[in-house]
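*Asks:* Once you've had a glance at the structure underneath, I'll fire off some questions.
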Amino acid sequence: MQETRTITLTVNGETISEAVPNRLNLIDFLRGTLGLTGSHVGCEHGVCGACTLEVDGAMVRGCLIFAVQADGSQITTIEGLAEDGRSAALREAFIQRNALQCGYCTPGMLASALEYVESGGAADRSAIREHISGNYCRCTGYQAVVEAVCDVIEGRVST
Amino acid sequence: MKAPDFRYTRPVTMAEALALLGDEENEASPLAGGQSLVPMMNFRMAQPEILVDLGALKELRGIENADGGLRIGAMTRYAELAASKLVSERAPLVAMALPHIAHAAIRNRGTIGGSVALADPAAEMPAVLQALDARIELVSASGTRTVPASEFFLGMYETALEEGELVAAILLGPVAAERRFGFHELARRHGDYAMAGVTASATARPDGTFVDWRIAHFSVADCAVRATGAEAALEGAKPTDAEALEAAKEALSEIDFSADLNASAKTKRHLAGVVMTRALEGM
């Protein structure tokens with residue numbers, strides 16, 4: 001018998017109350033229970049970064065938080081970042097730079113890159129690489145991702 | 001890979017948390033940032049019956065001035081340490097180590113107390129705290145005690161924590177203006193577990209020589225270890241003194257090097273000397 005607990009949290013601006021199993025992690029709750037499948041699941045142990053999303057203003061691993069821990073939190077998934085326009089410039093830059101191929105890492109990569117841009121990060125390629133070092137991409141070799149982030153910081157993208 | 005089932009509690013008072021952790025009827029585990037515990041649960045390396053989430057305990061958070069030094073609450077997140085002016089001013093070695101601890105998203109959740117309590121042999125903080133002569137404040141239902149960092153880390157995931165005890169805070173003494181610090185680690189990819197790393201502190205004298213060395217290696221043995229032989233070899237020498245450095249590298253033989261997935265014990269022995277040389281170059 002799985003232990004459950006009722007949590008109330010805000011997801012992409014909407015207040016949600018749900019009974020969840022204690023052992024359910026946040027990303028599975030968002031994808032499986034709420035149907036928000038934009039943020040991906042990769043390794044399930046915090047290494048690949050595909051599940052990166054925003055909890056209470058910080059980008060974190062969705063697979064390393066149990067949904068019960070997020071009780072009372074403000075969550076923004078990749079859908080939320082798109083809806084409110086926050087990720088618009090980065091998405092456009094990713095397209096222009098061809099910074100994705102299969103797209104599996106892209107939601108997490110956008111989330112991590114957005115934190116860098118929004119925190120006033122410089123167009124410094126090594127600093128950008130360091131910031132996205134927790135996000136695996138097996139297609140691009142990262143160069144195009146780094147260029148896309150630089151384009152946004154240096155204002156070369158219009159949306 | 002999903003975590004096994006568990007009971008979940010989120011106490012709002014220390015008394016409640018300590019009662020839960022001290023209850024011998026249950027196998028309770030504190031949950032700090034969860035950046036190591038949750039993966040360990042997913043791998044079934046850890047299967048606590050009860051998780052005591054420390055996230056609501058405000059008294060475990062924050063960075064305070066303490067007699068010219070710092071008192072860092074155990075639940076203070078790495079990202080909070082990195083953003084703190086107090087930390088960069090009064091604990092520069094902590095600030096030097098922070099960018100090497102995993103990745104930004106992990107640092108947004110991971111806590112200093114969690115790292116200390118876990119005592120992962122590859123973690124930076126246990127070595128940093130030994131090089132700073134830090135003290136660890138432990139709390140349980142029966143009271144509070146402090147243990148020097150040099151006596152706290154006992155082995156692989158093994159610490160001086162007793163049943164029902166919790167890491168409450170990290171205590172750092174004031175830092176003299178002449179104190180210098182060094183840090184270096186080698187990792188295959190930025191933010192990965194180190195293949196070998198070192199932390200160092202020493203007092204610079206006007207003639208350029210350094211005394212009162214503290215050197216602690218991590219990710220080379222079962223736990224972070226002080227390199228006391230190397231410290232003795234460097235006493236009174238300049239960090240760039242080739243002869244003293246050779247003797248210090250030689251003295252690293254006292255460490256009981258152990259292999260991991262990254263490298264053999266022999267390679268670790270070699271890398272321990274490499275990181276020490278590079279850390280000293282920066283002092």
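The values are calculated or read from the model by the stated rules, or taken from the named source; none is laboratory data. Computed from a predicted structure; not experimentally measured. Every residue, glycine among them, receives a Cβ derived from its backbone with ideal geometry; neighbour counts consider all protein chains shown.
*Asks:* Got a sec? Which of A:Ala111, A:Ala148 is buried (at least 19 other Cβ atoms within 10 Å of the Cβ) and in contact with a Phe, Trp or Tyr (Cβ under 6 Å, 6 or more places away or on another chain)?
*Replies:* Being buried (at least 19 other Cβ atoms within 10 Å of the Cβ) and in contact with a Phe, Trp or Tyr (Cβ under 6 Å, 6 or more places away or on another chain) holds for just one of A:Ala111, A:Ala148, which is A:Ala148.
*Asks:* Which is among the hydrophobic types (A, V, I, L, M, F, W, C), crowded, with 17+ Cβ neighbours inside 10 Å and in contact with a Ser or Thr (Cβ under 6 Å, 6 or more places away or on another chain), of B:Ala127, B:Ala134?
*Replies:* B:Ala127 is the lone residue from the list that is among the hydrophobic types (A, V, I, L, M, F, W, C), crowded, with 17+ Cβ neighbours inside 10 Å and in contact with a Ser or Thr (Cβ under 6 Å, 6 or more places away or on another chain).
*Asks:* Residues that are in contact (Cβ under 8 Å) with a residue 24 or more places away in the chain, within 22 Å of B:Arg77 (Cβ to Cβ), touching a Ser or Thr at 6+ places or on another chain (Cβ under 6 Å) and not acidic (Asp, Glu): does region A:39-49 have at least one?
*Replies:* Within region A:39-49, one or more residues are in contact (Cβ under 8 Å) with a residue 24 or more places away in the chain, within 22 Å of B:Arg77 (Cβ to Cβ), touching a Ser or Thr at 6+ places or on another chain (Cβ under 6 Å) and not acidic (Asp, Glu).
*Asks:* Which numbered condition trips up B:Asn65, out of (1) part of a loop (DSSP other than H, G, I, E, B); (2) over 19 Å from A:Leu26 (Cβ atoms)?
*Replies:* If we test B:Asn65 against (1) part of a loop (DSSP other than H, G, I, E, B); (2) over 19 Å from A:Leu26 (Cβ atoms), just (1) comes out false.
*Asks:* Conditions first: (1) closer than 13 Å to B:Thr277 by Cβ; (2) in contact with a strand residue (DSSP E or B) (Cβ under 7 Å, 6 or more places away or on another chain); (3) of a type outside the set (S, T, N, Q); (4) at pLDDT 95 or above. B:Glu250 passes all but one, so which condition is the exception?
*Replies:* (2)
*Asks:* Go through (1) surrounded by 19 or more Cβ atoms within 10 Å (Cβ to Cβ); (2) at pLDDT 95 or above; (3) of a type in the set (Val, Ile, Thr) for A:Thr140 and report which single condition fails.
*Replies:* (2)
*Asks:* Here is a list of conditions, (1) within 14 Å of another protein chain (Cβ to nearest Cβ); (2) surrounded by fewer than 18 Cβ atoms within 10 Å (Cβ to Cβ); (3) in contact with a helix residue (DSSP H, G or I) (Cβ under 8 Å, 6 or more places away or on another chain), and A:Asn98 meets all of them except one; can you say which number that is?
*Replies:* (1)
*Asks:* Can you tell me which residue among B:Val128, B:Val147, B:Val167 is within 22 Å of B:Asn65 (Cα to Cα), of a type outside the set (Lys, Arg) and outside any strand (DSSP E or B)?
*Replies:* B:Val128
*Asks:* Something else about it: Identify all residues within region B:1-47 that are over 24 Å from the mean Cα position of the chain (by Cα), facing chain A (nearest Cβ under 9 Å), buried (at least 17 other Cβ atoms within 10 Å of the Cβ) and of a type outside the set (Ser, Thr, Tyr); write none if there are none.
*Replies:* B:Ala3, B:Phe6, B:Arg10
*Asks:* With A:Ala144, A:Ala82 as the choices, which residue is over 20 Å from A:Val41 (Cα atoms) and either touching a residue at least 40 places away in the same chain (Cβ under 8 Å) or within 15 Å of the chain's Cα centre (by Cα) (or both)?
*Replies:* So the residue among A:Ala144, A:Ala82 that is over 20 Å from A:Val41 (Cα atoms) and either touching a residue at least 40 places away in the same chain (Cβ under 8 Å) or within 15 Å of the chain's Cα centre (by Cα) (or both) is A:Ala144.
*Asks:* So which pairs qualify, if the first residue must be in region B:76-96 and over 11 Å from B:Val128 (Cβ atoms), the second must be outside any helix (DSSP H, G or I) and among the polar types (S, T, N, Q), the Cβ gap must be under 8 Å, and the two must be at least 6 apart or on different chains?
*Replies:* Close Cβ pairs (under 8 Å, with a partner that is outside any helix (DSSP H, G or I) and among the polar types (S, T, N, Q)) amount to B:Thr76/B:Thr111; B:Arg77/B:Asn108; B:Arg77/B:Thr111; B:Tyr78/B:Asn108; B:Tyr78/B:Thr111; B:Ala79/B:Asn108; B:Leu86/B:Asn65.
*Asks:* Now a separate question. Part of a helix (DSSP H, G or I) and surrounded by fewer than 22 Cβ atoms within 10 Å (Cβ to Cβ) - does that describe any residue in region B:177-185?
*Replies:* No, there is no match, as no residue in region B:177-185 is part of a helix (DSSP H, G or I) and surrounded by fewer than 22 Cβ atoms within 10 Å (Cβ to Cβ).
*Asks:* While we're here: Which residue pairs have Cβ atoms closer than 6 Å, lie 6 or more positions apart in sequence or on different chains, and pair a first residue in region B:224-242 that is closer than 20 Å to B:Ala134 by Cβ with a second residue that is of a type in the set (Asp, Glu)?
*Replies:* Short answer, once both residue conditions are applied: none.
*Asks:* On to the next question. Among the residues of region B:1-53, how many are modelled with pLDDT of 95 or more and of a type in the set (Lys, Arg)?
*Replies:* 2
*Asks:* Please verify whether region A:134-141 includes one or more residues that are touching a strand residue (DSSP E or B) at 6+ places or on another chain (Cβ under 6 Å), in contact (Cβ under 8 Å) with a residue 60 or more places away in the chain, outside any helix (DSSP H, G or I) and more than 9 Å from chain B (Cβ to nearest Cβ).
*Replies:* The answer is no, given that none of the residues of region A:134-141 is touching a strand residue (DSSP E or B) at 6+ places or on another chain (Cβ under 6 Å), in contact (Cβ under 8 Å) with a residue 60 or more places away in the chain, outside any helix (DSSP H, G or I) and more than 9 Å from chain B (Cβ to nearest Cβ).
*Asks:* Being closer than 24 Å to B:Pro174 by Cβ and within 14 Å of another protein chain (Cβ to nearest Cβ) is the filter; apply it to region B:82-100 and report the residue that is surrounded by the most Cβ atoms within 10 Å (Cβ to Cβ).
*Replies:* Once the filter is applied, the top-ranked residue is B:Leu98.
*Asks:* Now for a different question. Mind telling me which of the residues B:Arg44, B:Arg77, B:Arg71 ends up being charged (D, E, K, R) and over 23 Å from B:Phe153 (Cα atoms)?
*Replies:* B:Arg44
*Asks:* Further, regarding this structure: Name the residues in region A:6-18 that are out of contact with any helix residue (DSSP H, G or I) (no Cβ under 8 Å at 6 or more places or on another chain) and under 17 Å from A:Gly35 (Cβ atoms), would you?
*Replies:* A:Thr10, A:Glu14, A:Thr15, A:Ile16, A:Ser17
*Asks:* Among (1) within 14 Å of chain B (Cβ to nearest Cβ); (2) at negative phi, which single condition is A:Thr10 missing?
*Replies:* A:Thr10 satisfies every listed condition except (1).
*Asks:* Could you look through region A:21-60, keep only residues that are facing chain B (nearest Cβ under 9 Å) and in contact with a Cys (Cβ under 6 Å, 6 or more places away or on another chain), and pick out the one that is nearest to B:Met40 (Cα to Cα)?
*Replies:* My answer is A:Glu44.
*Asks:* Continuing with this model, one more query. Where in region A:17-129 are the strands (runs of 3 or more DSSP E), entirely inside, with at least 2 residues that are at pLDDT 95 or above and among the basic types (Lys, Arg)?
*Replies:* So the answer is none; nothing clears 2.
*Asks:* While we're on this one: Considering region B:166-191 alone, what residues qualify as being modelled with pLDDT under 95 and under 16 Å from the mean Cα position of the chain (by Cα)?
*Replies:* B:Gly191
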